[in-house]
Amino acid sequence: MECLVAIVGPTAVGKSELALMLARDFPVEIISADSRQVYRYMDIGTNKPTLAERTLVPHHLIDVVNPDENFSLAMYCQLATKTIKDIQQKGMLPLLVGGSGLYIWSILEGWEIPSVPPNPQLRHDLELKAKREGSYILYKELQRIDLVAAAKIDPANTRRIIRALEIYHMTRRPPSQLWHKEAPSFPILIIGLTMERNELYRKINYRVDRMIRKGLVEETEGLVKKGYSLTLPSMSGIGYKQIGECLQGEMTVPVAIEKIKYETHRLARHQYAWFRSSDARIHWFDANHPVVILSEAKNLIETLR
């Protein structure tokens, strides 16, 4: 099936659940578009699919690198593009599933990402500057250099800001000038899931509480015992960052839980900036009606055949 189906929307809205339901009726393989699920040993805090789910339906781009290894958007694009082709050549339907707007659109719009190697010293200097003066000072610098790139990055995402500045300092060109787009030649269907904001926040809160019950604190402790520093980019993700601060005695577990919920709410709002209700390319559905969604999604996929 030389086509691609993407399931997009904010965190906790039910994207993975829809993908697994579609797998009952179509020969699918799932490609994760989650910037955190690429890291090994980080299972609970990234809400990875279970082993049973991965046995039932092949999942790709999960557990790609160790937490202390570099992983970039360019690497994701290369791996995801190859995986999509491999799935299509087997006569299967690739499902691109996730909430990372950067990852999703890089594939759907065919971005060519500059493969600029990391500069450890420059990164260290910029990280120190962010700690001393605040990450927004780096964001203002990026805005001065490249307004287009800055508009695509959350001002609170220090890691992505530093990467954009790194590309500029290494190439002396604004990062957005190095991004070229060539959309895939095969048909693409984008299914978007959404729900009323307060209901989404309730689902997020439930998921966070479930992560704590499943052992997020113990998982974070285990990562530290394995030698993975809390200063690693992988450990800056929501959940691991707050529990790490808890382990360092900077806050209590109840306070950390509330901060995780707050930051995940903020992430969901930012994801809506990537996936807009006004985007005509996306077929939007209310996630509170799973039976209707499944039926309509199946009809849309049938049109691709």
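The values are calculated or read from the model by the stated rules, or taken from the named source; none is laboratory data. Only a predicted model underlies this, so the values are computations on that prediction, with no experimental measurement involved. When we count neighbours, we look across all protein chains shown, and the Cβ atoms used for this are built from the backbone with ideal geometry, even at glycine. Side chains included, ligands, DNA and RNA excluded: accessible areas come from the protein's heavy atoms. Shrake-Rupley method; radii C 1.70, N 1.55, O 1.52, S 1.80 Å.
When the convex hull of the C-alpha atoms of segment 104-182 is computed, what volume per residue in Å³ does it have?
For segment 104-182, the hull spanned by Cα atoms encloses 85 Å³ per residue.
With point charges of +1 on the Cβ of Lys and Arg and -1 on the Cβ of Asp and Glu, referenced to the Cα centre of the chain, which listed residue (Ala149, Ser278, Val217) lies farthest in the positive direction of the dipole?
Ala149
For segment 42-110, just the Cα set please: Rg and Dmax, both in angstrom.
Reported Rg and Dmax, both Å: 12.8, 36.
Test of understanding: what is the full-extension gain from Glu199 to Lys131, defined as 0.36 nm times their sequence separation minus their Cα-Cα distance?
Between Glu199 and Lys131, full extension yields an extra 21.0 nm.
Go through segment 58-127 and name the trypsin sites (Lys or Arg not before Pro) that are in a DSSP coil and have 13 or fewer other Cβ atoms within 10 Å of their Cβ.
Answer in residue order: Lys90.
Got the relative contact order for segment 99-203 handy, in percent, Cα pairs under 8 Å and 6 or more residues apart?
35
On the Cα set of segment 89-150, report Rg and Dmax in Å, please.
Cα-based Rg and Dmax for segment 89-150 come out at 17.0, 53 Å.
Counting only heavy atoms of the protein chains, get the accessible area per residue of the chain (1.4 Å probe) and round it to a whole Å² value.
Spelled out: the 1.4 Å probe surface of the chain, per residue, equals 49 Å².
Over the Cα atoms of the chain, how large are the radius of gyration and the largest Cα-Cα distance (Dmax), in Å?
Answer for the chain, Rg first and Dmax second: 19.3, 56 Å.
Enter the accessible area of Glu263 (Å², nearest 10), with the probe set to 1.4 Å and all protein chains included.
Its accessible surface works out to 50 Å², give or take rounding.
Quick one: with all protein chains in place, what share of the accessible area of segment 185-236 is carbon or sulfur, to the nearest percent (1.4 Å probe)?
Result for segment 185-236: 52 percent of the exposed heavy-atom area is carbon or sulfur.
Once every DSSP H run of n ≥ 4 in the chain is given -39500 (n - 2.57) and the sum is divided by its residues, what mean residue ellipticity at 222 nm do you get, rounded to the nearest 500 deg cm²/dmol?
The per-residue figure over the chain is -15500 deg cm²/dmol.
Which FRET efficiency value, to the nearest 0.05, do you get for Val255 and Leu300 by plugging their Cβ-Cβ distance into 1/(1 + (r/R0)^6) with R0 = 45 Å?
0.55
Report the rotationally averaged projected area of segment 91-247 based on its alpha-carbon convex hull, in square nanometres.
Dividing the Cα hull surface by four gives the mean projection, 12.9 nm².
In whole angstrom, how far apart do the alpha carbon centroids of segment 84-101 and segment 110-172 sit?
30
Considering only protein heavy atoms and a probe of 1.4 Å, how much of the accessible area of segment 14-57 is carbon and sulfur, as a whole percent?
That share works out to 52 percent.
Measure up Lys214/Lys261; Lys48/Lys214; Lys131/Lys259; Lys90/Lys298; Lys226/Lys261 against 18 Å on the Cα-Cα distance and list the ones that go over.
Check vs 18 Å cut-off fails for Lys131/Lys259; Lys90/Lys298; Lys226/Lys261.
If each residue of separation counts as 0.36 nm, what is the full-extension length gain between Ala52 and Thr231 once their alpha-carbon separation is subtracted?
Roughly 61.2 nm would be gained on extension.
How long are the semi-axes of the ellipsoid equivalent to segment 156-305, from square roots of 5 times the Cα gyration tensor eigenvalues, in whole Å, largest first?
They are 33, 26, 14 Å, listed from largest to smallest.
Divide the volume of the convex hull of the Cα atoms of segment 1-135 by its number of residues and quote the answer in cubic angstrom per residue.
130
Report the Cα-based extents of segment 177-243 along its three principal axes, largest first, to the nearest Å.
Principal axes ranked by extent give 47, 36, 21 Å for the Cα atoms.
Only loop residues by DSSP count here, and only those with at most 12 other Cβ atoms within 10 Å; note down the trypsin sites (Lys or Arg not before Pro) in segment 124-206 that meet that.
Sparse-neighbourhood loop trypsin sites (Lys or Arg not before Pro): Arg172.
What does the accessible area of Tyr206 come to, in Å² to the nearest 10, when a probe of 1.4 Å is used?
Accessible surface of Tyr206 is approximately 130 Å².
Could you tell me the accessible area of Tyr41 in Å² (1.4 Å probe, neighbours in place), rounded to the nearest ten?
It works out to around 100 Å².
To the nearest 0.05, how large is the calculated FRET efficiency for Gln143 and Met170 if R₀ is 22 Å and r is the Cβ-Cβ distance?
0.70
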